[in-house]
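Worksheet: the structure to be examined is printed underneath.
What follows is calculated from the coordinates using simple rules that are stated; it is not laboratory data. Just so it is clear, the model here is predicted, and its values are computed rather than measured. We place every Cβ from the backbone using ideal geometry, glycine too, and count neighbours over all the protein chains shown.
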Number of protein chains: 2
Amino acid sequence: MNQWMELADRVLAGAEVTDEEALSILHCPDEDILLLMHGAFHIRKHFYGKKVKLNMIMNAKSGLCPENCGYCSQSAISKAPIESYRMVNKETLLEGAKRAHDLNIGTYCIVASGRGPSNREVDQVVDAVQEIKETYGLKICACLGLLKPEQAKRLKDAGVDRYNHNLNTSQRNHSNITTSHTYDDRVNTVEIAKESGLSPCSGAIIGMKETKQDVIDIAKSLKALDADSIPVNFLHAIDGTPLEGVNELNPLYCLKVLALFRFINPSKEIRISGGREVNLRTLQPLGLYAANSIFVGDYLTTAGQEETEDHKMLSDLGFEVESVEEMKASLSAKS
Amino acid sequence: MNQWMELADRVLAGAEVTDEEALSILHCPDEDILLLMHGAFHIRKHFYGKKVKLNMIMNAKSGLCPENCGYCSQSAISKAPIESYRMVNKETLLEGAKRAHDLNIGTYCIVASGRGPSNREVDQVVDAVQEIKETYGLKICACLGLLKPEQAKRLKDAGVDRYNHNLNTSQRNHSNITTSHTYDDRVNTVEIAKESGLSPCSGAIIGMKETKQDVIDIAKSLKALDADSIPVNFLHAIDGTPLEGVNELNPLYCLKVLALFRFINPSKEIRISGGREVNLRTLQPLGLYAANSIFVGDYLTTAGQEETEDHKMLSDLGFEVESVEEMKASLSAKS
C-alpha cells in the first residue's frame, strides 16, 4: 500500500497527521500527485462519498473597511478600483437567496465587509434571514467580521446556521498580513459563534508568502478550532493591494494543499474557495478528490467561472451535487 | 502495491497484458481512476518522462471520398456540410509547415481524403515534403489512404518519416463501420509502409458502438502491427453520417481506454486524437498521464481547442513540450 493510502487509513482510524507527515504531503513529488489525491479521496469518500456541496456568496456590503488586510481589495489601504456600498436592502438579500435556490445551491453566504457589524446591520441580516429560511429553507452562513456574543445569539435565533470568520493564515504569519486586528481577535470571533450554537466556518488564504509550516499550522489551528466548514482560498493577488503581483502558487501545489487540509481535517466540509479558477486552472477537477465543496458564481470582488462550467466538471468526474433537500436533511440531523 | 502499479511493473518487465487484465482496466471502478492513471503514468514516464509530442494536421484534400466509413464526414454516404477540395497546392502545404514550426510543433501530418492517393497526388506531396524537410526539418507524417508499395517508397525517399493508416476498430467490428474496403486492406497498407521504411502510425476510433473486447482487440492488433505511433480518437459523431447521434462515451471511460492503450503498447507514442475536447472535456489533463502526444489545432472537419489552452494544460500538469530539436534528435537516433 502506498504511503498516502496508509496515512489515509490511519487518519480514518483516528490518527492525527504529524508535522513531518504534513510536510511530506506538501513536498509530494509531482509524479505522485495522483496517488496523493487518491489517498485524500479515500478519506473524502468515507465522509462525503462523491457529493459536492455548493455555496453561493452574496457580497452584501463592499469596501468601506477600516482594516488593513494585505490580501483584500476592500481594505482601508487598498487602491483597487472596487465597488463600495453599504449593506444592501432586504430585497437584494432575498433575490440572492432565490437565485441560489433556483441553482440548487445549498448554502447562501451573506458576506459584509468591515471590522465587525453594527447592530443595525445585524438587524438587516436578521430581518432577511427569517424570510429566506421560511421561503427557501437554504442553509445560511453569515460572514460579517468580528462578532459580539449578543450579535451571534441574535443571528442564531433568526435562523442563521453557520458563521464564517477565517483565520486566514498562521499565528506566526498573521501580523505580516494584518495589523489592524490580531489573530486572537479572529479566533475569539469563531469561539463566540460556536458558543451561540452557530456552526463555525473558518478557513485560510494560501499563497501569501507564508512558509509550508505556516500552511500546516493554519490547517491544524482550524482543526483545533473544530471548524465544521473550511474554505481554502488561493491568493488571487489584486492590483492596488499590498500583495499585488504575488504569484507563488501552481496548480499541483494547490492540489497538495487541498490534500493536506483533507488529511488534517478528515471529516470537515473543505471548500475550494477564492482563487480556484486562476490557481488550479485546468486541474480544478482533481481538487474535488480532496475537497467536497465549492463556491458557485463570483467571489467578493473577483469573478468565478460560469456556473455551467462547474456542473460540467462535476458530471465529468462522475460526482453529484448535494441537493438542497439532502443539505436540509444533514442540517436537521446536526441540530 | 495496488493492482495497477503491479501490472505496470510487470509490463515494464516485458509481460503482456492478458485479455482479462485488459477488461479489468476498462472496468476499473471510477473511484480508482487516479490509481489506474498513476499506473499508466508509471509506464509512460519510463519511456517519455513528462514530455508531450505535439502534432498538427494539414487537411490537404477534403471530401470527394468514394468510401463509406460510418464515422467520417467526408465519405461518399455523408450528408455532412463539409468543405470539399482537391489536393491543396504546394504553397499551402508549406504554409502549414511554417505554422507548425512556428508553434514548436514537432510532427506535421499531411492528410488527404480518398480511398488511396493517385500518383499525381503522391507527386504533389513529394514535391512539398522535400522543401519542408530542408526548410523546417519537421517530422512529416503522410496519411493518404490505401497505399501501393512504389508510392510508399517514393514518399520515404522524399523524406516522409511516418505513414498513418488507422485500423479504426477491431477486425470483428470493421464491417459494421465500413464495407467499401476491408480490415485487411488497412493492415496491408500499414505493412507496405513499414516495408518501405516508413514509421507506421495506426490507431483507433473508440465509441463506435464497439464492445469492450473490440477495444482490447484493436489495442492488441496495433501492438501486433508494431505501430510506432497510435492515435486514439474518441468518436465525435457528426450529423449527416451514419454514426450521427452516437454518444456512448464519458470522460472517465475515455481515460480508462487511454490507460489500456498504454498498458498494451507501453513504449509507443500514444496520441489523444480526434474528439479529445468533446469527450474528455474537463478531464483532458488526466489523459496525458497515459498518453504522451496530442494534436494541436483543428482535426479534419472538427475544431480543436485553442492552442493556448493546450499549452496551459501542459504547464498546469508540470509537463513539457517535446521541442522540434528533441524530436529531430529522436528521429535521427531511430534512422
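Shortest first and in nm to one decimal, what separations exist between B:Gly318 and its copies in the other chains, measuring from label points 7 Å along the Cα-to-beta-carbon line?
Here the equivalent label points are 2.5 nm apart from this one.
How big is the antiparallel share of DSSP beta bridges in the protein assembly as shown, given as a percent to the nearest 5?
Roughly 5 percent of the beta bridges in the protein assembly as shown run antiparallel, per DSSP.
Can you divide the C-alpha Rg of region B:130-266 by 2.2 N^0.38 Å and report the result to two decimal places? Can you show the working numbers first?
Numbers: Rg = 15.9 Å, N = 137, 2.2 N^0.38 = 14.3 Å.
Compactness ratio reported: 1.11.
Give me the inter-chain shielding for A:250-256: mean count of other chain Cβ atoms within 10 Å, whole number please. Could the numbers behind the result be given before it?
Working: counts 3, 7, 3, 1, 1, 0, 0.
Across the residues of A:250-256, the mean count of other-chain Cβ atoms within 10 Å is 2.
Go through B:174-183, A:324-333, A:292-301 and give me the packing order, highest mean Cβ count within 10 Å leading.
Highest mean packing first, the order is A:292-301, B:174-183, A:324-333.
Under 30 Å Cα-Cα from A:Lys153, which lysines qualify once same-chain neighbours fewer than 8 residues away are excluded?
Partners found: A:Lys53, A:Lys61, A:Lys90, A:Lys98, A:Lys133, A:Lys139, A:Lys194, A:Lys220, A:Lys223, A:Lys268, A:Lys328, A:Lys334.
GNM, chain B, Cα, under 10 Å: largest mean-square fluctuation among B:Lys53, B:Lys79, B:Lys98?
Taking springs between Cα atoms under 10 Å, the residue moving most is B:Lys79.
Sort shortest first the distances from B:Asp123 to its counterpart in every other copy, using label points 7 Å along the Cα-to-beta-carbon line, and give them in nm.
Spelled out, the distances from B:Asp123's label point are 9.3 nm.
Magnitude of the Cβ-charge dipole of the protein assembly as shown, K/R +1 and D/E -1, about the Cα centre, nearest 20 debye?
On the way: 74 positive and 92 negative charges, 2 e Å.
In total the dipole reaches around 20 debye.
With only alpha-carbon pairs counted, each pair once and no self-pairs, how large is the Kirkwood hydrodynamic radius of region A:71-175 in angstroms?
Values: mean 1/r = 0.0673 Å⁻¹.
The Cα-based Kirkwood calculation yields 14.9 Å.
How large is the convex hull of the C-alpha atoms of region B:249-318 per residue, in Å³? Don't skip to the end; give the middle numbers.
On the way: hull volume 5.9 nm³, N = 70.
Convex hull of Cα atoms, per residue: 84 Å³.
Charges at C-beta only: +1 for Lys and Arg, -1 for Asp and Glu. How large is the resulting dipole of region A:29-183 about its Cα centre, in Debye rounded to 20? Don't skip to the end; give the middle numbers.
Numbers: 21 positive and 16 negative charges, 56 e Å.
Around 260 debye, computed over region A:29-183.
With charges only on Cβ, +1 for K and R and -1 for D and E, what is the dipole size of region B:29-329 about its Cα centre, in debye, rounded to 20? Display every interim value, and only then the final one.
On the way: 35 positive and 40 negative charges, 111 e Å.
In debye, rounded to 20, region B:29-329 gives about 540.
Could you give each residue of region B:4-14 its phi-based ³J(HN,Hα) in whole Hz, using Karplus coefficients 6.51, -1.76, 1.60 with θ = phi - 60°, and x for Gly or Pro?
My calculation for region B:4-14 gives 6, 5, 5, 5, 4, 4, 5, 5, 5, 8, x Hz in order.
Quick one: check the C-alpha center-to-center distance for region A:230-256 versus region A:128-166, whole angstrom.
28 Å
When the helices in chain A are scored as -39500 (n - 2.57) per DSSP H run of 4 or longer and the sum is shared across all residues, what 222 nm value do you end up with, to the nearest 500 deg cm²/dmol? Write out the running numbers ahead of the final one.
Working: 14 runs with 153 residues, N = 335.
That calculation yields -14000 deg cm²/dmol at 222 nm.
Percent of alpha carbon pairs in region A:29-329 separated by more than 28 Å?
Values: 14574 of 45150 pairs.
The answer is 32 percent, as a whole percent.
Return the long-range amide H neighbours of B:Asn166 (sequence gap of 5 or more, or a different chain), with a cut-off of under 5 Å between placed amide H atoms.
Under 5 Å from the amide H of B:Asn166 lie the amide H atoms of B:Gly203, each far enough along the sequence or on another chain.
Rounded to a whole number, what is D in µm²/s for the protein assembly as shown from Stokes-Einstein with the Kirkwood radius over alpha-carbon pairs (37 °C, 0.692 mPa s)? Walk me through the numbers on the way to the answer.
Working: Rh = 27.2 Å.
For these conditions, the coefficient is 121 µm²/s.
For region A:306-335 and region B:1-78, what is the separation of their C-alpha centers, rounded to whole Å?
Value for the Cα centre distance between the two parts: 32 Å.
Calculate the mean, over all residues of peptide B:314-321, of how many other protein chain Cβ atoms lie within 10 angstrom of the residue's Cβ. It would help to have the intermediate numbers written out before the result.
On the way: counts 1, 4, 11, 7, 8, 1, 0, 0.
Counting Cβ atoms of other protein chains within 10 Å of each residue's Cβ and averaging gives 4.
Pop out the ³J(HN,Hα) list for region B:287-299 in order, Karplus 6.51 cos²θ - 1.76 cosθ + 1.60 with θ = phi - 60°, rounded to Hz; leave Gly and Pro as x.
x, 7, 7, 9, 7, 10, 7, 9, 8, 10, x, 7, 8
For chain B, what does the relative contact order come out to in percent, with C-alpha contacts under 8 Å and a separation of six or more? Walk me through the intermediate numbers first.
Numbers: 653 pairs, mean separation 75.3, N = 335.
Averaging sequence separation for qualifying contacts and normalising by length gives 22 percent for chain B.
For a quick check: with amide H placed at 1.01 Å from N, whose amide H comes under 5 Å from B:Val52's, ignoring anything fewer than 5 positions away on the same chain?
So B:Val52 has HN proximity to B:Glu320, B:Val321, B:Glu322.
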